[in-house]
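Chemist: Take this structure, written in C-alpha cells, and hold onto it; I'll ask about it next.
The values are calculated or read from the model by the stated rules, or taken from the named source; none is laboratory data. Note that the structure is predicted; figures quoted are calculated from it, not measured. When we count neighbours, we look across all protein chains shown, and the Cβ atoms used for this are built from the backbone with ideal geometry, even at glycine. Only protein heavy atoms, including side chains, enter the accessible area calculation; ligands, DNA and RNA are left aside. Shrake-Rupley method; radii C 1.70, N 1.55, O 1.52, S 1.80 Å.
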Amino acid sequence: MKILVVGGGGREHTLVWKIVQSPLVEKVYCAPGNPGIAELAECVHIPADDIDALLDFALAEEIDLTVVGPEVPLTLGIVDRFQEAGLDIFGPSQAAARIEGSKSFSKDLMAKYGIPTADYRTFSDRDEAVAYIREQGAPIVVKANGLAAGKGVVVAMTEEQAVAAVDDIMVDTIFGDAGSSVVIEEFMAGEEASFFAFTDGKNILPLASSQDHKPAFDNDKGPNTGGMGAYSPAPVVTEALADEIVKTIVRPTIDGMAQEGCPYVGILYVGLMIADGKARVVEFNARFGDPEAQPLLVRMKSDVVPVLQACARGDLSGAELEWHDKAAVCVVMASGGYPAAYEKGFEILGLDDAGEMEDVVVFHAGTSFESGKVVNTGGRVLGVTGLGATVTAAIDRAYQAVAKISWDGAHFRTDIGKKALNR
Ligand code: AMP
Ligand code: GLY
C-alpha cells in the first residue's frame with residue numbers, strides 16, 4: 001500500500017513511525033512532514049490545509065490510504081473531497097468534524113443525547129453573556145465557539161475575569177470569527193484524562209488510557225499549552241471507568257452523530273474531567289491527541305494500518321487492538337517562552353545520542369533543517385518518549401533521554417507522569 005499522512009507535528013511523526021512498521025505498507029509520504037519524519041518517509045512540500053494540492057498529489061501518486069493528523073484540514077472538508085474523488089481517507093467528514101470545530105454543536109449534541117458534560121449556554125450577544133455570568137457567579141468557563149488553536153478557553157476564577165474574556169472574544173475579536181459567539185459553561189473540578197476510540201461510524205474500538213499535561217509548568221501551573229507531555233496507561237481511568245466511558249459517552253455520541261445524519265468516522269478524542277469515579281466530557285476532538293498519540297502508538301502492539309483502513313472503508317467489526325505491557329511516557333521539549341513568543345533557529349544538540357538509547361523514541365514536532373543542522377522552529381519542538389516496565393521506569397527512561405538533548409532556551413516540565421505515581 002501507499003499511504004499519505006497529512007500534517008507535520010509530533011503526532012504525525014508518531015503516526016508515520018507506526019505506519020512504516022506495517023508489512024502491508026510499501027511507501028509512506030507525509031505532507032508537509034518535518035526532519036524527523038524525513039528519516040522514515042518521503043516528505044512532500046504541501047501545507048496540511050492545501051486540500052486541492054493534496055488531492056492532486058494523492059490522485060497522481062495513486063495513494064491507497066490518506067491519514068489526516070490535524071483538525072484544520074478536517075474542518076475544511078478534506079475527507080469529503082477525497083471521498084468524492086474515490087479515495088480512501090481516515091478521518092471524519094466536514095459535517096462530523098463540527099464535533100471539534102463548533103463548541104455549540106458538540107454541546108447541543110451532548111444535551112440532546114444525554115451525554116454527561118458541564119451545563120452551558122451559548123450567546124451571540126455580549127450583554128446577555130455578561131448578564132448570565134453575573135447570575136451564575138465564578139468560577140465559570142468562557143469559550144470561543146469556533147476553532148482557536150486550543151487557546152479559546154478561559155477558566156475564570158472571578159466574574160471580572162470572565163467578563164474580560166467575553167470582551168476579548170466578542171468585542172476585541174482576538175480569535176476573529178471563532179469568537180462571534182461564546183459558550184459559557186459550568187466549572188468542573190476533578191482530574192483530566194484523554195480517551196480515544198476508533199470508529200467506522202457504527203463500531204467502536206477503544207484505545208488504551210492516557211493523560212495529557214496541558215499547563216506549561218510543573219504542578220499544572222502557568223498558561224495552557226497544546227500539551228507538555230503525556231503517558232499511557234493512566235491509572236485514573238480504571239477498567240471499570242473505561243467501560244463506563246464507552247457506555248455513557250462514546251456509544252451515545254457515535255449513535256447520536258449517525259442519528260443527526262453525520263456519522264462520525266475516524267478517531268474520536270474525548271477530553272474528560274473525572275471526579276468521584278465519574279467522567280464528564282470537557283470537549284471532543286476529531287483527531288488523535290498530540291502528545292497523547294506518542295505514548296499510545298508506541299505502546300500499540302497491533303498493526304495500526306488495517307484498523308485505519310477498516311475505519312475508512314466502514315467495516316471495523318471484529319477488529320481488536322493489542323498493547324505492550326510496558327508503560328510509555330512522552331516529555332515535550334519546547335522553545336523557551338512557549339506558549340508565548342519564543343526565539344527560533346537554535347541548533348538542537350544530542351538528537352543522535354538520545355535516539356540511539358534503548359526504549360527511547362525521539363519524535364520531532366517544531367523542527368526544521370537549516371544549513372544541514374536541525375533547529376527549533378515551533379513552540380513544541382520534540383516529544384521524547386521512553387518505555388519501561390512501570391510508569392516510574394518509563395519516566396526515568398524519558399528523562400535520561402531528555403538530559404542528552406539541548407538547545408538555547410529549551411524548556412520542559414519535570415513532572416510528566418507523576419500523577420500516575422500518586423495513585
Ligand atoms: P478545551 O479547549 O475545551 O479542552 O479547554 C481547555 C482546557 O480548559 C481543558 O483542558 C480544561 O483544563 C479547561 N476546561 C475547559 N472546560 C472546563 C470546564 N467546564 N471546567 C473546568 N475546566 C475546563
Ligand atoms: N493534547 C491536546 C490536544 O491534542 O488537543
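Chemist: I'd like to verify a number: residues in segment 275-306 that are open to solvent by 10 Å² or more (accessible area, probe 1.4 Å) and away from ligand 2 (no atom under 16 Å from the Cβ), how many?
Modeler: Residues that pass the stated criteria total 11.
Chemist: Here's another thing I want to ask about it. Taking the residues in segment 95-108 that are farther than 14 Å from residue 280 by Cα and part of a helix (DSSP H, G or I) as candidates, determine which candidate is farthest from ligand 2 (Cβ to nearest atom).
Modeler: Taking segment 95-108 first, the residues farther than 14 Å from residue 280 by Cα are 95-105, 108.
Add one more test, that the residue is part of a helix (DSSP H, G or I), and what stays is 98-101, 103-105, 108.
On the way: 98: 16, 99: 13, 100: 9, 101: 13, 103: 14, 104: 19, 105: 17, 108: 21 Å.
Among them, the one singled out is 108.
Chemist: Taking segment 289-305 as the region of interest, how many residues are outside any strand (DSSP E or B), within 22 Å of residue 1 (Cα to Cα) and not basic (Lys, Arg)?
Modeler: Narrowing segment 289-305 to residues outside any strand (DSSP E or B): 289-299, 301-305.
Those left that are additionally within 22 Å of residue 1 (Cα to Cα): 297-298, 301-305.
Going one step further and asking which of them are not basic (Lys, Arg), we end up with 297-298, 302-305.
The number of residues fulfilling the criteria is 6.
Chemist: Taking the condition surrounded by fewer than 16 Cβ atoms within 10 Å (Cβ to Cβ) and either part of a loop (DSSP other than H, G, I, E, B) or free of Cβ contacts under 8 Å to residues at least 60 places away in the same chain (or both), does residue 52 pass? I'd like the intermediate steps shown before the answer.
Modeler: On the way: surrounded by fewer than 16 Cβ atoms within 10 Å (Cβ to Cβ): yes; either part of a loop (DSSP other than H, G, I, E, B) or free of Cβ contacts under 8 Å to residues at least 60 places away in the same chain (or both): yes.
Yes: the conditions hold for residue 52.
Chemist: A further question follows. Can you tell which of 208, 197, 193 is open to solvent by 10 Å² or more (accessible area, probe 1.4 Å), within 16 Å of ligand 2 (Cβ to nearest atom) and in contact (Cβ under 8 Å) with a residue 40 or more places away in the chain? Give the derivation first.
Modeler: Details: 197 fails: open to solvent by 10 Å² or more (accessible area, probe 1.4 Å); 193 fails: open to solvent by 10 Å² or more (accessible area, probe 1.4 Å).
Residue meeting the stated conditions: 208.
Chemist: In addition: Considering each residue of segment 381-411, count those that are in contact (Cβ under 8 Å) with a residue 60 or more places away in the chain and either under 13 Å from residue 348 (Cα atoms) or surrounded by fewer than 19 Cβ atoms within 10 Å (Cβ to Cβ) (or both), and give that number.
Modeler: Result for segment 381-411: 13.
Chemist: Could you run through segment 211-245 and say how many residues are of a type outside the set (Gly, Ala, Ser) and within 13 Å of ligand 2 (Cβ to nearest atom)? Don't jump to the end; show me each part of the working.
Modeler: Narrowing segment 211-245 to residues of a type outside the set (Gly, Ala, Ser): 211-215, 217-221, 223-225, 228, 231, 233, 235-239, 241, 243-245.
Imposing the further condition that a residue be within 13 Å of ligand 2 (Cβ to nearest atom) reduces the set to 211-215, 224-225, 228, 231.
Final tally of qualifying residues: 9.
Chemist: Listed residues 203, 219; which is farther than 28 Å from residue 258 by Cα and surrounded by fewer than 20 Cβ atoms within 10 Å (Cβ to Cβ)?
Modeler: Numbers: 203 fails: farther than 28 Å from residue 258 by Cα.
The match here is 219.
Chemist: Are any residues in segment 26-43 surrounded by fewer than 19 Cβ atoms within 10 Å (Cβ to Cβ) and more than 16 Å from residue 6 (Cβ to Cβ), and if so, which ones?
Modeler: 26, 39
Chemist: Go through segment 395-423 and give me each residue that's under 23 Å from the mean Cα position of the chain (by Cα) and part of a helix (DSSP H, G or I).
Modeler: Initial filter on segment 395-423 (under 23 Å from the mean Cα position of the chain (by Cα)): 395, 398-399, 402, 410-420.
Those that are under 23 Å from the mean Cα position of the chain (by Cα) and part of a helix (DSSP H, G or I): 395, 398, 399, 402, 418, 419, 420.
Chemist: Does residue 150 fit the bill of being under 22 Å from the mean Cα position of the chain (by Cα), closer than 19 Å to residue 289 by Cβ, modelled with pLDDT under 95 and not polar (S, T, N, Q)?
Modeler: yes
Chemist: Quick one: would you say residue 287 is under 17 Å from the mean Cα position of the chain (by Cα) and among the basic types (Lys, Arg)? It would help to see each step written out before you state the result.
Modeler: Numbers: under 17 Å from the mean Cα position of the chain (by Cα): yes; among the basic types (Lys, Arg): yes.
The answer is yes for residue 287.
Listed here are the residues, each with its yes/no results for (1) crowded, with 18+ Cβ neighbours inside 10 Å; (2) more than 16 Å from ligand 1 (Cβ to nearest atom); (3) closer than 18 Å to residue 101 by Cα.
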site: 174; (1), (2), (3): no, no, yes
site: 223; (1), (2), (3): no, no, no
site: 236; (1), (2), (3): yes, no, no
site: 243; (1), (2), (3): no, yes, no
site: 248; (1), (2), (3): no, yes, no
site: 257; (1), (2), (3): yes, yes, yes
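Chemist: Still on this model: Could you check segment 274-284 and list, in sequence order, the residues that are under 15 Å from residue 110 (Cα atoms) and either near ligand 1 (Cβ under 8 Å from one of its atoms) or β-branched (Val, Ile, Thr) (or both)? Walk me through it before giving the result.
Modeler: Going residue by residue through segment 274-284, those that are under 15 Å from residue 110 (Cα atoms) are 279-284.
Those that are under 15 Å from residue 110 (Cα atoms) and either near ligand 1 (Cβ under 8 Å from one of its atoms) or β-branched (Val, Ile, Thr) (or both): 281, 282, 283.
Chemist: Given the condition within 16 Å of ligand 1 (Cβ to nearest atom) and farther than 18 Å from residue 237 by Cα, answer yes or no: does some residue in segment 295-305 qualify?
Modeler: Taking segment 295-305 first, the residues within 16 Å of ligand 1 (Cβ to nearest atom) are none.
Looking through segment 295-305, none of the residues is within 16 Å of ligand 1 (Cβ to nearest atom) and farther than 18 Å from residue 237 by Cα.
Chemist: Whether any residue in segment 211-220 is of a type in the set (Lys, Arg) and within 16 Å of ligand 1 (Cβ to nearest atom) is what I want to check.
Modeler: Applying the first criterion (of a type in the set (Lys, Arg)) to segment 211-220 yields 214.
Filter again for within 16 Å of ligand 1 (Cβ to nearest atom), leaving 214.
Scanning segment 211-220 turns up at least one residue that is of a type in the set (Lys, Arg) and within 16 Å of ligand 1 (Cβ to nearest atom).
Chemist: For residue 141, are the conditions met, namely being within 24 Å of residue 221 (Cβ to Cβ), within 16 Å of ligand 2 (Cβ to nearest atom) and touching an Asp or Glu at 6+ places or on another chain (Cβ under 9 Å)?
Modeler: Considered against the rule, which asks whether it is within 24 Å of residue 221 (Cβ to Cβ), within 16 Å of ligand 2 (Cβ to nearest atom) and touching an Asp or Glu at 6+ places or on another chain (Cβ under 9 Å), residue 141 comes out as no.
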